[in-house]
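One structure is given here, and the rest of the page talks about it.
The values are calculated or read from the model by the stated rules, or taken from the named source; none is laboratory data. Small disclaimer: the values here were computed from a predicted structure and weren't measured. Every residue, glycine as well, gets a Cβ built from its backbone with ideal geometry; the counts of neighbours run over all protein chains shown. Side chains included, ligands, DNA and RNA excluded: accessible areas come from the protein's heavy atoms. Shrake-Rupley method; radii C 1.70, N 1.55, O 1.52, S 1.80 Å.
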Amino acid sequence: GDSVTQTEGLVTLTEGLPVMLNCTYQSTYSPFLFWYVQHLNEAPKLLLKSFTDNKRPEHQGFHATLHKSSSSFHLQKSSAQLSDSALYYCALGNNRIFFGDGTQLVVKP
Amino acid sequence: GPKVLQIPSHQIIDMGQMVTLNCDPVSNHLYFYWYKQILGQQMEFLVNFYNGKVMEKSKLFKDQFSVERPDGSYFTLKIQPTALEDSAVYFCASSLEGQGNSDYTFGSGTRLLVI
């Protein structure tokens, strides 16, 4: 069946350092991959979505590349900001969205 | 941008009683979803709904659960009777399309506590 794995439950880093949150997936089809971000007591919001033409999606300085060979869709940003602190979900879309366990990102001054 | 509104934001209810969670989806969206998130755990799919019908439900969608959207009003999740393990945050979402690449708009959740 379909599944998403986020290996890090918590990532803590200093403002200005690069961010990389891991995401791998399993699917019998060629799914779409998403990153959703959830700030405290707010609704999850779409951050990025994979494209069918393998373009690299970018938003708010974040980007992710879908690598079908390794079944990965890692989230990256060159320089973390304090406001990036949130819960990040990698998700797989088939006929519905499957969420990973989420990675809590904490950015410190 | 367009929002999904969930009412109430918090609900405390006695075990065995009925509870209805309400969701006001984005106005032109056609597909509706409920997800359940137990504290500290991942968001898990419960059910999706289109054209007045349940399209798919997970193992978490027990017989005590039901969904409906009467006359295009709120999309509701009803639990009757409630159990202690139903305590969780319930997120409603909606999307314009139902394909795998559809963007979901989520509500802020209803925090349900069954005591």
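What are the residues whose amide H is under 5 Å from the amide H of A:Ser85, where those residues sit 5 or more places off or on another chain and H is modelled from the backbone?
A:Val107
For the pair A:Gln26/A:Leu46, report the inter-label distance in nm, with labels modelled 7 Å from Cα in the Cβ direction.
Distance between label points: 2.8 nm.
Comparing A:Ser85, A:Ser30, A:Ser50, which has the greatest mean-square fluctuation in the GNM of chain A with Cα pairs linked when under 10 Å apart?
Maximum among the listed residues: A:Ser30.
Between A and B, buried accessible area summed over both sides at probe 1.4 Å, in Å² to the nearest 100?
1700 Å²
List the residues of the stretch B:31-46 that lose 50 Å² or more of accessible area once all protein chains are present, compared with their chain alone (1.4 Å probe, heavy atoms only, no ligands or nucleic acids).
B:Gln42, B:Met43
Determine the alpha carbon to alpha carbon distance for each of B:Lys3/B:Lys78; A:Lys77/B:Lys53; A:Lys68/B:Lys78; A:Lys49/B:Lys78; A:Lys45/A:Lys108; A:Lys108/B:Lys59 and list only those over 29 Å. Before the final figure, lay out each step's value.
Values: B:Lys3/B:Lys78 22 Å; A:Lys77/B:Lys53 41 Å; A:Lys68/B:Lys78 40 Å; A:Lys49/B:Lys78 32 Å; A:Lys45/A:Lys108 22 Å; A:Lys108/B:Lys59 40 Å.
Table pairs above 29 Å Cα-Cα are A:Lys77/B:Lys53; A:Lys68/B:Lys78; A:Lys49/B:Lys78; A:Lys108/B:Lys59.
So how much slack lies between A:Glu8 and A:Ser78, counting 0.36 nm per residue of separation and subtracting their Cα-Cα distance, in nm?
Additional length available on full extension: 23.3 nm.
Output wanted: per-residue J couplings in Hz (rounded whole) for the stretch B:39-47, from phi through Karplus 6.51 cos²θ - 1.76 cosθ + 1.60, θ = phi - 60°, x for Gly and Pro.
Once θ is set to phi - 60°, the couplings for the stretch B:39-47 become 3, x, 10, 6, 6, 10, 5, 9, 7 Hz.
So which residue, out of A:Leu75, A:Leu17, A:Leu47, gets the largest mean-square fluctuation from a GNM of chain A using Cα contacts under 10 Å as springs?
Among A:Leu75, A:Leu17, A:Leu47, the largest mean-square fluctuation in the Gaussian network model of chain A belongs to A:Leu17.
When only C-alpha pairs under 8 Å and at least 6 residues apart count, what is the relative contact order of chain A, in percent?
Numbers: 269 pairs, mean separation 41.4, N = 109.
Value for chain A: 38 percent.
Between the stretch A:1-50 and the stretch B:33-59, what is the separation of their alpha carbon centroids in Å?
19 Å
Using a ≥ b ≥ c from the Cα gyration tensor of chain A (square roots of the eigenvalues), is it rounded, prolate or oblate, where a/c under 1.5 gives rounded and otherwise the larger of a/b and b/c decides, a/b for prolate? List each step's numbers first, then the result.
Numbers: a/c = 1.88, a/b = 1.58, b/c = 1.19.
Prolate.
Per residue of the stretch B:48-57, what does 6.51 cos²θ - 1.76 cosθ + 1.60 with θ = phi - 60° give for ³J(HN,Hα)? Whole Hz please, x for Gly and Pro, Karplus curve as stated.
Those phi angles translate into 10, 8, 8, 6, x, 9, 6, 8, 8, 9 Hz.
What does the convex hull of the alpha-carbon atoms of the stretch B:1-81 project to on average, in nm²?
Mean shadow area of the hull around the Cα atoms is 6.2 nm².
Putting +1 on Lys and Arg Cβ atoms and -1 on Asp and Glu Cβ atoms, find which of A:Gly102, A:Ser70, A:Val19 reaches farthest to the positive end of the dipole of chain A.
The one lying farthest along the dipole's positive direction is A:Ser70.
Taking a temperature of 10 °C and a viscosity of 1.306 mPa s, what whole-number D in µm²/s does Stokes-Einstein yield for the protein assembly as shown with Rh from Kirkwood over alpha carbon pairs? Please report the intermediate quantities before stating the final value.
Working: Rh = 18.1 Å.
Once the numbers are plugged in, D ends up at 88 µm²/s.
Measure of size requested: the Rg and Dmax of the stretch A:1-59, with Cα atoms as the atom set and Å as the unit; please supply both.
Computed over the Cα atoms of the stretch A:1-59, radius of gyration and Dmax are 13.6, 39 Å.
For A:Asn94, enumerate residues with amide H under 5 Å from its amide H, sequence gap 5+ or separate chain, H modeled in the peptide plane.
none
List the aspartates and glutamates whose Cα sits under 16 Å from the Cα of B:Lys36, skipping any in the same chain fewer than 8 residues away.
B:Lys36 reaches A:Glu42, A:Asp101, B:Glu44, B:Glu56, B:Asp63, B:Glu85, B:Asp86.
Any idea of A:Ser70's accessible area? Nearest 10 Å², probe 1.4 Å.
Rounded to the nearest 10, the figure is 60 Å².
What number comes out for accessible area per residue over the protein assembly as shown if the probe is 1.4 Å? Units Å², please.
Each residue of the protein assembly as shown exposes 51 Å² on average to a 1.4 Å probe.
Do you know which residues of the stretch A:25-51 lose at least 10 square angstrom of accessible area in the protein assembly compared with their chain on its own, with a 1.4 angstrom probe?
A:Phe32, A:Phe34, A:Tyr36, A:Gln38, A:Asn41, A:Glu42, A:Ala43, A:Pro44, A:Leu46, A:Lys49
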